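Structure record follows, encoded as structure tokens.
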Amino acid sequence: MPDVILFDLFGVIAHQQPPADRRALVATADVPTTAFWDVYWRLRPPYDRAEVTGAEYWRQVATALGTTFTDDRITALIAADIASWNAVDPDMTALLAQAATAGTRLALLSNIPEDLAAHYEQHHGHWLRHLDVIGFSCRIGHAKPEPEAFRWCCRELGVTPDRILFVDDRAENVTAAQRLGMRTHHFAGPAALQHEINQTRPRPVGRHGTTRVG
């Protein structure tokens with residue numbers, strides 16, 4: 001049985017950006033939709049690793065789009081971006097609480113910029129408290145699927161990769177974890193994950209040392 005369950009955040013515990021929030025973000029930028037998302041993701045990794053600030057990131061986005069953003073628009077873009085990533089899945093936060101109560105060690109590894117990480121710490125502490133280790137890419141300087149991001153978690157947790165069950169919705173991250181020797185679960189919903197967790201728990205032992213079944 002794994003000693004630790006290591007969770008991804010977005011697409012697992014928190015929802016991906018809803019369509020309405022995506023539209024609001026593009027409207028705030030006031031640029032063509034397709035071009036916006038191409039640049040948004042292409043320039044995102046340095047922001048996630050805290051190599052640039054939020055303001056610097058959005059200025060780079062503007063330059064790549066052939067426009068400029070005022071300071072007020074950048075402030076609005078940061079706020080709209082945070083809002084688009086804010087919604088969490090109550091079924092998943094309940095699963096975290098249940099697993100923690102059962103004595104399972106929990107951890108988090110997320111590609112996330114500092115602006116958003118600070119927001120989560122301020123507004124989502126009621127479930128973040130269940131996590132023994134939180135690896136935000138903006139704080140550790142590495143982002144999935146970089147091997148060092150996973151190695152950082154192993155060092156902080158004090159366990160070898162084979163003692164970790166890693167849960168992520170992105171295939172490239174799951175593959176990277178597998179290469180390091182982690183057990184993995186390609187997330188497709190809370191029910192399938194709960195089944196996986198139940199399968200890894202040892203069965204209770206009866207009074208005479210036999211395993212109870214049923």
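Summary table below
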| read-out | value |
| --- | --- |
| Gap separating the Cα centres of segment 167-190 and segment 1-77, nearest whole Å | 23 Å |
| Cα extents of segment 61-110 along the three principal axes, largest first (Å) | 53, 18, 15 |
| Average projected area [Cα convex hull, the chain], square nanometres | 13.1 nm² |
| Cα long-axis angle, helix 33-42 against the chain (0 to 90 degrees, to the nearest 10) | 60 degrees |
| Estimated inter-spin distance, E121 and Q194, nm [label 7 Å along Cα→Cβ] | 3.2 nm |
| Antiparallel bridges, percent of DSSP beta bridges restricted to the chain (to nearest 5) | 10 percent |
| Per residue accessible area of the chain, 1.4 Å probe, in Å² | 50 Å² |
| Values of log10 I(q)/I(0), in the order q = 0.12, 0.13, 0.14 Å⁻¹, for segment 1-74 under a Debye, Cα-only, solvent-free model | -0.42, -0.48, -0.54 |
| Dipole magnitude (debye, nearest 20) for the chain, charges at Cβ of Lys, Arg, Asp, Glu | 940 debye |
| Residue of T53, T200, T75 that the Gaussian network model of the chain assigns the largest fluctuation, springs spanning Cα pairs under 10 Å | T200 |
| Two-decimal ratio, segment 47-170, of alpha-carbon radius of gyration to 2.2 N^0.38 Å | 1.21 |
| Where only C-alpha atoms are counted, convex hull volume of segment 98-177 per residue in Å³ | 98 Å³ |
| Solvent-accessible area, 1.4 Å probe, carbon plus sulfur percent, for the chain | 51 percent |
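The values are calculated or read from the model by the stated rules, or taken from the named source; none is laboratory data. Nothing here was measured: the structure is a model prediction, and the numbers come from that model. All Cβ positions, even for glycine, are placed from backbone atoms using ideal geometry, and neighbour counts span all protein chains on display. The protein model used for the area step is the full one, side chains on, heavy atoms only, and it has no ligands, DNA or RNA in it. Shrake-Rupley method; radii C 1.70, N 1.55, O 1.52, S 1.80 Å.
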